[in-house]
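Take a look at the structure below.
The values are calculated or read from the model by the stated rules, or taken from the named source; none is laboratory data. Values in this document were obtained by computation on a predicted structure and should not be read as measured data. Here the Cβ positions follow ideal geometry from the backbone for every residue, glycine too, while neighbour counts run over all protein chains shown.
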Amino acid sequence: MSGVLQKRRIRPSNLWEGVVAARRWMLAYGLMIFLPVCVMLFVYYEQSSRILQEEVTQTMQQTLKQAGINLSSRLNYVVNSSNSIFMNNKLYENLDPASPIIERIAQSKELRNLLESVQSAPDIVRARVFTDPGNLYGFDLLNLFPLDSLKDRPWTNEVMNASGSIVWTGIYEENYLDSGSARILSCARLLRHPRNFAQSLGVLMLDVPEKMLSDIISELNFPAQSRVYIVDRSGTIIYSAEQSVIGTKTTLASESDEGIIKRSENGVDVFEVRAPIRAADWRLVLEVPKTDLTHRTTTLSQWSGIATVVGMTIMFLILVFMLLAFVINGMNRRIKSVVKTIRTEGVEGLEEPGGDFRLLERVVDHLVHRVKDLMEEAYRSKMLEREAELRALQAQINPHFLYNTLDTINWLAISREADDISHLIESLSDYFRLSLNKGKDHVFVVDELELARVYLEIQQNRFPSTFEFVIKADSEASRCVIPKLTLQPIVENALLHGIRKNKGKIGIIHIHAKRCGDVLEITIQDNGIGMDEQLASSLLSSSRSLLQTEGSGSSYGLYNVNERIKLMAGSDYGLTVRSRLGEGTEVSVRLKAMQEEQSK
């Protein structure tokens, strides 16, 4: 009896040993945190510097590309002006010498008027024609010059051998009779007799001021030690702020028109950034020493990055020590409180070794039963979340289609006429109108089929002559409503993962909607590469869809649609996938046949 009533005594030595052990554990835990944090700080600094360096160079490239576009636009205007004169019959009529002197004087005057009309255009300081003395009565040395005056120019042979194609000269100094010396570059081309192509009539030149190039390039905001210049296809420097290097050769790191390349020059690492000037087949080149770029990125990231990481590290360490202290003390108090409470209720076995933790195990077991009761209550609240989950699933539509379509429109604008672009934009507009549907979650089957048709027409513009499609719908099925964007992910999978991967033949997609009593069934069938039956049966499983959430495969889109239908209609409805390798795939969509009033 006395053995049962006797209380345990805790020796002071045991308490001191526990405190020392706790301190040792806290010190070891602190070291385990401090060392990884130091590594993390170093890695963070290196990675942030690299990322910022990439961002800065990408920003420089975008700035350089925009400058190249601006220069191309200005030079294209000069090219168009040269083409308009080149195609003007008056030019050749006035260069064909007439017998009476009075008519030859009139020809010279009319030719000057034609050239002076072009000089009023922006960026053209002078329009000049160089021809043989026998073709004109005389030369005014303002617009009309003898052809021999070009023989000492370094680019004359290139112009003569270009057979009428445009040749852009480098920067050179020209002394005009009426306005003095000026630094210019010229758009030059050979003029041939329209009735005797072997006979040359002279050279047409449109002069552009060097200031046009310098104004655009001087607006670029790059590090102080960087160098910007323009080179032609052969590597000759056409323009540079350092006039001494104009006309010299330079060696580029590669032949590509644009990009960012890191190279070494005299032991110094240099970033070479390039952008094309397509109007003249030139390249705009920026050379930035890595030290300047590193200094710039370090300035951006040094204080914010280090201060953030160091501050977080200090706070983390303080919080860890405080948390450990509170957790240890709190656990001791709570265990003692629980044991004391349970002892007062007469639980047996308290004097056994480890009895405190056995009591806790019993309490946990009681809590498990309580949790089961709470789960039943949570199930009822889960039903209220179904609508929100439906909207969240409905919002997960892959945006790559929009980006690819816009990219297609961009290339159509470059390589085709405006009619194709107009048609594609109209189709894309229809796609947005149908897919948005004024914010409604349900649409008529006929509208969903129309959305599929517009999508496929857009893809036919992207991949011409690679597939066809047929869409059919019963009249009763067309009036039913379904969740918005049900068919588009399935049709996209059929095209991109079925037909597009079958390079050997023209694909075809069949879409058929029918109503059988209270069931609406829509089938999407393709003759693509198909898949084995085991893979087809696993596409709608949640485990497979989670592995392909990033969009690398096709199962997530099907899983998404299947879950949306089951949330709306129940587990008896959804998708069925049937496929055989090499024979194509068929996806059946099974839903409740509902009218618009029933869906609300």
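Of these, Ile482, Ile471, which one is surrounded by 23 or more Cβ atoms within 10 Å (Cβ to Cβ) and assigned by TED's automatic domain parsing to the domain that holds Tyr573? Lay out the reasoning, then the answer.
Working: Ile471 fails: surrounded by 23 or more Cβ atoms within 10 Å (Cβ to Cβ).
Ile482 is the lone residue from the list that is surrounded by 23 or more Cβ atoms within 10 Å (Cβ to Cβ) and assigned by TED's automatic domain parsing to the domain that holds Tyr573.
Within the set Ala452, Ala418, Ala395, the sole residue that is crowded, with 17+ Cβ neighbours inside 10 Å and either at pLDDT below 80 or in the same structural domain as Asn560 (by TED's automatic domain parsing) (or both) turns out to be Ala452. Among the helices (runs of 4 or more DSSP H) confined to segment 1-95, the ones with at least 3 residues that are at pLDDT below 70 are located at 2-5, 12-86.
One line per residue, one yes/no per condition, for (1) assigned by TED's automatic domain parsing to the domain that holds Leu91; (2) at pLDDT below 90; (3) in contact with a strand residue (DSSP E or B) (Cβ under 7 Å, 6 or more places away or on another chain):
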site	(1), (2), (3)
Leu185	yes, no, yes
Leu190	yes, no, yes
His193	yes, yes, yes
Leu220	yes, yes, yes
Ser244	yes, yes, no
Glu258	yes, yes, yes
Val268	yes, yes, yes
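Hey, any hits in segment 122-141 for a residue that's touching a Leu at 6+ places or on another chain (Cβ under 9 Å) and either free of Cβ contacts under 8 Å to residues at least 24 places away in the same chain or not assigned by TED's automatic domain parsing to the domain that holds Leu71 (or both)? Yes: segment 122-141 contains one or more residues that are touching a Leu at 6+ places or on another chain (Cβ under 9 Å) and either free of Cβ contacts under 8 Å to residues at least 24 places away in the same chain or not assigned by TED's automatic domain parsing to the domain that holds Leu71 (or both).
Quick one: is Arg112 farther than 27 Å from Val208 by Cβ, assigned by TED's automatic domain parsing to the domain that holds Tyr229 and surrounded by 15 or more Cβ atoms within 10 Å (Cβ to Cβ)? Before you say what the answer is, go through the steps one by one.
Values: farther than 27 Å from Val208 by Cβ: no; assigned by TED's automatic domain parsing to the domain that holds Tyr229: yes; surrounded by 15 or more Cβ atoms within 10 Å (Cβ to Cβ): yes.
So Arg112 fails the test.
Selection of segment 460-512 for residues being outside any loop (DSSP other than H, G, I, E, B), basic (Lys, Arg) and either modelled with pLDDT of 90 or more or in contact with an Asp or Glu (Cβ under 8 Å, 6 or more places away or on another chain) (or both) yields only Lys472.
Exactly one residue out of Phe130, Phe145, Phe139 is aromatic (Phe, Trp, Tyr), within 26 Å of Arg183 (Cβ to Cβ) and assigned to a loop (DSSP other than H, G, I, E, B), and it is Phe139. The lone criterion from (1) modelled with pLDDT of 90 or more; (2) among the polar types (S, T, N, Q); (3) under 44 Å from the mean Cα position of the chain (by Cα) left unmet by Ser163 is number (1).
Do any strands (runs of 3 or more DSSP E) lying entirely in segment 165-261 carry at least 1 residues that are in contact (Cβ under 8 Å) with a residue 40 or more places away in the chain and among the aromatic types (Phe, Trp, Tyr), and which ones are they?
Details: elements: 172-176, 180-192, 200-209, 227-231, 237-240.
In segment 165-261, 172-176, 227-231, 237-240 are the strands (runs of 3 or more DSSP E) which contain 1 or more residues that are in contact (Cβ under 8 Å) with a residue 40 or more places away in the chain and among the aromatic types (Phe, Trp, Tyr).
Can you name the residue in segment 513-535 that is among the polar types (S, T, N, Q) and not in a loop (DSSP other than H, G, I, E, B) and, of all such residues, is farthest from Arg462 (Cα to Cα)? Ranking the qualifying residues of segment 513-535, first place goes to Gln534.
Among the residues of segment 242-258, is any within 27 Å of the chain's Cα centre (by Cα) and over 17 Å from Lys65 (Cα atoms)? Even if it seems obvious, please write down each step before you answer.
Step one: filter segment 242-258 for residues within 27 Å of the chain's Cα centre (by Cα), giving 253-258.
Filter again for over 17 Å from Lys65 (Cα atoms), leaving 253-254.
Yes, that holds for at least one residue.
Taking segment 107-121, which residues are more than 51 Å from the chain's Cα centre (by Cα) and over 14 Å from Met205 (Cα atoms)? Answer for segment 107-121, where residues must be more than 51 Å from the chain's Cα centre (by Cα) and over 14 Å from Met205 (Cα atoms): Gln107, Ser108, Lys109, Glu110.
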